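Structure first, commentary second.
The values are calculated or read from the model by the stated rules, or taken from the named source; none is laboratory data. The shown structure was predicted, so the numbers you read here are calculated from the model rather than taken from an experiment. When we count neighbours, we look across all protein chains shown, and the Cβ atoms used for this are built from the backbone with ideal geometry, even at glycine. Calculation scope for accessible area: heavy atoms of the full protein, side chains included, ligands and nucleic acids excluded. Shrake-Rupley method; radii C 1.70, N 1.55, O 1.52, S 1.80 Å.
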Amino acid sequence: FGAISGGGGTSRLLFDYPAKQQGEILDYLFKPNYGASLQIFKVEIGGDTNSTNGAEASHMRSRTDQDYTRGYEWWLMEQAKARNPNIKLYGLEWGAPGWFQASPDIDAKHAFWSHDNITYIINWIQHAQADHGLHIDYIGGWNESGYNKIWYEDLKKALVSNGLSTKIVASDDAGWAVATDMKNDAAFNNAIDIVG
């Protein structure tokens, strides 16, 4: 049983609630055997872009401007883990920063499906652990925006080469086309751990 904090600031106001009410809400969400007792928590990986209801902060505003304290999702994941150490964490992008450059070997038209974005995600996962003590159990691609098989294969290679055990979910979209493509393409099938 899970919930999502994403789509552009949907949980933003909780950070500013008075401590008593904030703690009660967090307990109702994350404390085991109490309230919702969430078992999995999906959060938006911010990209400084409007992603439905607003924008969530990017951890990399450029290749060199990196700050892994921006935004409130880190805090929210920390609160979830403090209440339920066994909760599973899941990162997903709704959008991405404008500095990404398209990777012709993946998709020459869309910078989202790029090596820049793979680096962006790997950095987010690594700093979740190093800076916040958070293990990211699952990582998705682009919320409700289809998928790119080569990109997912390259993301899997990057996770493995960086010693990360995070599992890949595809395609965070409606329909079963991803399952059909996995059935017909062994390399793509080996890159995906969970159909979502």
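Scanning region 109-139 for residues that are among the small types (Gly, Ala, Ser), open to solvent by 20 Å² or more (accessible area, probe 1.4 Å) and in a loop (DSSP other than H, G, I, E, B), we see that the one that is farthest from residue 84 (Cα to Cα) is 111. Among residues of region 63-112 being over 16 Å from the mean Cα position of the chain (by Cα) and of a type in the set (Ser, Thr, Tyr), the one that is farthest from residue 19 (Cα to Cα) is 103. Any residue that is farther than 25 Å from residue 130 by Cα and assigned to a loop (DSSP other than H, G, I, E, B) - is there at least one of those in region 56-78? So far as region 56-78 goes, no, none of its residues is farther than 25 Å from residue 130 by Cα and assigned to a loop (DSSP other than H, G, I, E, B). In the set (1) within 15 Å of the chain's Cα centre (by Cα); (2) over 24 Å from residue 86 (Cα atoms), residue 170 fails one condition alone, (2).
Does residue 145 qualify as being under 26 Å from residue 67 (Cα atoms) and either part of a loop (DSSP other than H, G, I, E, B) or of a type outside the set (A, V, I, L, M, F, W, C) (or both)? It is false that residue 145 is under 26 Å from residue 67 (Cα atoms) and either part of a loop (DSSP other than H, G, I, E, B) or of a type outside the set (A, V, I, L, M, F, W, C) (or both). Within region 25-71, the set of residues being of a type in the set (D, E, K, R) and exposed (fewer than 14 other Cβ atoms within 10 Å of the Cβ) comprises 63, 65, 67.
Looking across region 140-165 at every residue that is hydroxyl-bearing (Ser, Thr, Tyr) and open to solvent by 10 Å² or more (accessible area, probe 1.4 Å), the one that is farthest from residue 41 (Cα to Cα) is identified as 161.
In the set (1) free of Cβ contacts under 8 Å to residues at least 12 places away in the same chain; (2) within 30 Å of residue 37 (Cβ to Cβ); (3) not hydroxyl-bearing (Ser, Thr, Tyr), the condition left unmet by residue 163 is number (2).
Residue count for region 35-57 satisfying the condition of being under 20 Å from residue 71 (Cα atoms) and either aromatic (Phe, Trp, Tyr) or touching a helix residue (DSSP H, G or I) at 6+ places or on another chain (Cβ under 6 Å) (or both): 3. Here residue 168 meets the list (1) aliphatic (A, V, I, L, M); (2) in contact (Cβ under 8 Å) with a residue 24 or more places away in the chain; (3) open to solvent by 20 Å² or more (accessible area, probe 1.4 Å) almost entirely, failing just condition (3).
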